[in-house]
Amino acid sequence: MSKRRKRTSPTSSLRERLLEFAAQAHAAAKTLPAGTARRDLLKKASASATAAEIDRWLSLSDGNSAQRPARPSTSSPVPHQAEGHDSFSAEQGPLRDQAS
């Protein structure tokens with residue numbers, strides 16, 4: 001006979017759990033020395049905070065559209081700065097130099 005899993009509902013919302021995990025991961029990362037383990041933990045904390053923010057955006061009703069983040073316009077091109085200056089394009093993003 002197979003065991004049946006006891007099913008329970010979370011007592012807090014997804015957003016609250018994500019933010020709690022992000023805070024705990026951030027606190028744990030502070031105790032670690034600089035290195036890959038600390039960097040990975042900080043990435044997880046950042047991803048959790050971002051997921052909580054996305055959850056907030058998705059849960060907003062249509063009546064609260066003023067609180068939603070602005071969407072970039074797809075009809076107009078991204079303005080580029082004059083030559084000799086660092087330019088930013090939406091396709092490459094601000095982290096393109098760090099990935100190299």
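We did not get these values from a lab; they are worked out from the coordinates using the rules stated. Keep in mind it's a predicted model, so treat the numbers as computed, not measured.
Of note:
- The alpha-carbon of residue 43 sits under 28 angstrom from the alpha-carbons of these lysines, leaving out residues fewer than 8 places away in its chain: 30.
- Gyration tensor (alpha-carbon) shape descriptor, region 1-49, a/c threshold 1.5: prolate
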